[in-house]
Amino acid sequence: MTQIEMKAVSKTYNKKNTVLKGIDFSVEKGEFFILVGPSGCGKSTILRMIAGLEEISEGQLFIANRLANDLLPKERQISMVFQNYALYPHMTVKENVLFGIGHLKNLSKAEKEKRLAKALELVQLQEYLHRKPRELSGGQRQRVALARAIVSEAPICLMDEPLSNLDAKLRAQMRTEIRQLQQRLGLTLIYVTHDQVEAMTMGDRIMILNEGSVQQIGRPIDIYNHPANTFVASFIGSPQMNMIEAPIMDNDLKISTNASVQLPFSPEKSKYLVGVRPEKLKPQGETGDLILKVFINTVEQLGNETILGFQMRDQQWKAKWNGQWTVQPDERISVYLSPKDLYYFDVDSREQVVSSQEQWQRGGVTV
Amino acid sequence: MKKRMGTKLILYILLILAALLVGSPLLLGLSLSLMPQNEILAGQYLPKTFSLQNYLQAFQSTQLVHYLINSLIVSLAVMIGQLLLSSLAAYAFVFPKFRGQQLCFYLFISTMMIPFEAQIIPNFQTIRDLNWLNTYPALVIPFVASVFGTFLLRQNFKQLPNELKEASDIIGLSHWTYYLKIVLPMSKVSLVTLGTYSFLTTWNMYLWPLLASTNDAVRTVQIGLKQMQSQETLNQWGVIMACAITIAIPTLLVLFLGQKHLQKGLTEGAIK
């Protein structure tokens, strides 16, 4: 069942400053949906429009199949977790959590207490009932904010970069906790982040935004494997996808002086952007692989993997090798890549170019 | 190091001298209030015999207590009125968003440029036509709306994170609940500052109470004091000084209690 749907929504400030245009997407009931993109891409604005904190300039928003453009925030049956938690500093944990339901007259006192106990148990804060927010650590404050969202028992929960104020270790822990919470409660969760790792690891589906328009919507792994355009290709994945402009010579695409590849489609232009993921640049090759002879200029030892940097004409490329490799800067080495691991993008439209056969194989990939 | 000690010493001596100079009328008053009448007339500066006779007399044979109660009623009423109206007005200038909000605020603020002296005559005429002369409303009502107070609180309210309001919008809180449960408790410091300030200003007010009260019914201490001095042919300076010292006590109390908050409130937002 569709829980939230946006149809051709745009947002304009002062009638001339367009920040979002033609946003179309829908979120299913119980789905973990992630809005991801660089800062200023409009992802928070979309979230705030769903919450009713921001007006919708054009288009329609449906919540549970009901037109919601003009509903008040409280009529939308949502809860929201803010980036800075928005806790009330003069109230204890208990008061903060109960504040979300304290004014509801149709709830008995016992019922409120029951919900409070359940919410605090879910976020493991039972012992901190009477503390004020300033006496809690960042992670605990975050949990109070979560508890306040849970206690309302709203079917939809909106989160605006809830983990960005936490340190890396805590963030990883909270990622799993939020994910588990969402599944246990069957929440429809819309989550905004600029962190592609959060997007990849947490979401059922993600929507990638850039400069106010949707780039791609789909399952994280599908997006990783089949990025719709160069923006998505370089935004998802770390280190980002290597890319280079390559001309067509004698029907082949010339990637470097002595590496050419046959195109899987019939070319319509004289050059294409070719991309390859760092982990697909291998230390050993198979038959049919391309060999690139390169001078290494940076070496990053991460313990479990080694990231090697080298220059491909005007582009800095990176190769990610498993294990520990002793390579000196300025050393000349060979890296191997299979033609099947290459992505081709149109130089002008920046869209991925796929052969008609491949398109047919992929079937229902959403682009 | 030694030189530093020297300059410090000089600075402190200068400070003490300045403090004595500024405080001398008060100290002289205190000294006089503790002297018997004959010593005062003999032109002494320090009492040879301490007596609290002047204070006894101040409370027994003058209207001091009556004036004190009047002042207390008027000051408290103005304080409460200012806190209430200023915070409500400030709320309206910050939280509900409406067209022309800025314009309204600037119009409101611009009234600060009309000096109090220019308002006195129209205010007096209004009060007189309402038959309010010699009543508490005459001393209270003209001062319960405070532009300064509204401005101070508006600045404070604006510093509350916007997300708090948004969070309460999603919960579905009314403006009234948000004002009472969130805004007021979170602005305690500024409210205490404004409260102290308005209490002290009203307590020390002279010109308006002088005009608005023609008899002892609602007369406040400052006027009462002046009255005492001019009524009697032979001034009992000891008693007058005892009265003056007594009426300064509430001021000092409020100042001491509110000082910490006052400093915090007035410099808030300036740093940090």
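The values are calculated or read from the model by the stated rules, or taken from the named source; none is laboratory data. Please read all numbers here as calculations on a predicted model, not as lab measurements. Here Cβ is always computed from backbone atoms with ideal geometry, including for glycine, and neighbour counts include all displayed protein chains. Each accessible area value is taken on the protein alone, full model and side chains, heavy atoms only, with ligands, DNA and RNA left out. Shrake-Rupley method; radii C 1.70, N 1.55, O 1.52, S 1.80 Å.
Contact annotation: residue pairs with Cβ atoms under 6 Å, 6 or more positions apart or on different chains, pairing a residue in the range A:282-299 that is farther than 23 Å from A:LEU263 by Cα with a partner that is open to solvent by 60 Å² or more (accessible area, probe 1.4 Å) and in a strand (DSSP E or B), are A:PHE295/A:ARG332. Counting the residues of the range B:164-178 that are open to solvent by 10 Å² or more (accessible area, probe 1.4 Å) and either out of contact with any Asp or Glu (no Cβ under 9 Å at 6 or more places or on another chain) or more than 8 Å from every other protein chain (Cβ to nearest Cβ) (or both) gives 10.
Right, B:PRO122: away from every other protein chain (no Cβ under 14 Å) and modelled with pLDDT of 90 or more or not? Judged against the criteria, B:PRO122 is a match. Note on the range B:90-109: residues that are in contact with a Ser or Thr (Cβ under 8 Å, 6 or more places away or on another chain), open to solvent by less than 40 Å² (accessible area, probe 1.4 Å) and among the aromatic types (Phe, Trp, Tyr) total 1. When you look at A:THR176, is it among the β-branched types (Val, Ile, Thr) and open to solvent by 20 Å² or more (accessible area, probe 1.4 Å), yes or no? Yes; evaluated as a whole, the condition is true for this residue.
Screening B:GLY238 against (1) in a helix (DSSP H, G or I); (2) more than 14 Å from every other protein chain (Cβ to nearest Cβ); (3) open to solvent by 10 Å² or more (accessible area, probe 1.4 Å); (4) not β-branched (Val, Ile, Thr) leaves a single unmet condition, (3). Just one of the numbered conditions (1) over 29 Å from A:LEU53 (Cα atoms); (2) within 14 Å of chain A (Cβ to nearest Cβ) is not true of B:VAL183: (1). Test A:VAL19 against the criterion of being at pLDDT below 95, assigned by TED's automatic domain parsing to the domain that holds A:GLN182 and in a strand (DSSP E or B), and give yes or no. Criteria met by A:VAL19.
Considering (1) within 14 Å of chain A (Cβ to nearest Cβ); (2) closer than 30 Å to B:ILE120 by Cα; (3) surrounded by fewer than 18 Cβ atoms within 10 Å (Cβ to Cβ), say which one B:LEU191 fails and leave the rest. Answer for B:LEU191: the failing condition is (3). Taking helices (runs of 4 or more DSSP H) as the structural unit, those lying wholly within the range B:1-110 and holding at least 3 residues that are β-branched (Val, Ile, Thr) correspond to B:2-33, B:64-94.
You will find that of A:LYS43, A:LYS105, A:LYS94, A:LYS132, the residue that is charged (D, E, K, R) and at pLDDT below 90 is A:LYS105 and no other.
Got at least one residue in the range A:301-311 being in contact with a helix residue (DSSP H, G or I) (Cβ under 8 Å, 6 or more places away or on another chain), β-branched (Val, Ile, Thr) and either free of Cβ contacts under 8 Å to residues at least 24 places away in the same chain or not assigned by TED's automatic domain parsing to the domain that holds A:ILE223 (or both)? Yes, the range A:301-311 contains a residue that is in contact with a helix residue (DSSP H, G or I) (Cβ under 8 Å, 6 or more places away or on another chain), β-branched (Val, Ile, Thr) and either free of Cβ contacts under 8 Å to residues at least 24 places away in the same chain or not assigned by TED's automatic domain parsing to the domain that holds A:ILE223 (or both).
In the range B:167-178, the residues that are touching a residue at least 40 places away in the same chain (Cβ under 8 Å) reach residues that are buried (at least 16 other Cβ atoms within 10 Å of the Cβ) with C-beta atoms within less than 6 angstrom, at least six apart or across chains, in these pairs: B:TYR178/B:SER168. Taken as a whole, the structure leaves A:ARG134 outside the set of residues that are more than 12 Å from chain B (Cβ to nearest Cβ), in a helix (DSSP H, G or I) and farther than 23 Å from B:LEU180 by Cα. Of the residues making up the range B:62-82, those that are touching a residue at least 40 places away in the same chain (Cβ under 8 Å) and surrounded by fewer than 21 Cβ atoms within 10 Å (Cβ to Cβ) are B:THR62, B:GLN63, B:HIS66, B:LEU68, B:LEU72, B:ILE73, B:LEU76, B:ALA77, B:GLY81. For the range A:5-20, the criterion of being hydrophobic (A, V, I, L, M, F, W, C), open to solvent by less than 30 Å² (accessible area, probe 1.4 Å), away from every other protein chain (no Cβ under 14 Å) and under 16 Å from the mean Cα position of the chain (by Cα) is satisfied by no residue at all. Whether a residue is open to solvent by 30 Å² or more (accessible area, probe 1.4 Å), away from every other protein chain (no Cβ under 14 Å) and not in a loop (DSSP other than H, G, I, E, B) was assessed, and A:GLU121 passes this test.
When we screen A:LEU98, A:LEU104 for residues that are of a type in the set (A, V, I, L, M, F, W, C), open to solvent by 20 Å² or more (accessible area, probe 1.4 Å), within 13 Å of another protein chain (Cβ to nearest Cβ) and outside any helix (DSSP H, G or I), the only hit is A:LEU104.
Residues in the range A:70-95 that are among the charged types (D, E, K, R) and either loosely packed, with under 13 Cβ neighbours inside 10 Å or within 13 Å of chain B (Cβ to nearest Cβ) (or both): A:ASP70, A:LYS74, A:GLU75, A:ARG76, A:GLU95.
Listed here are the residues, each with its yes/no results for (1) of a type in the set (A, V, I, L, M); (2) more than 14 Å from chain B (Cβ to nearest Cβ).
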| site | (1), (2) |
| --- | --- |
| A:GLY40 | no, yes |
| A:SER44 | no, no |
| A:MET49 | yes, no |
| A:PHE62 | no, yes |
| A:ALA68 | yes, no |
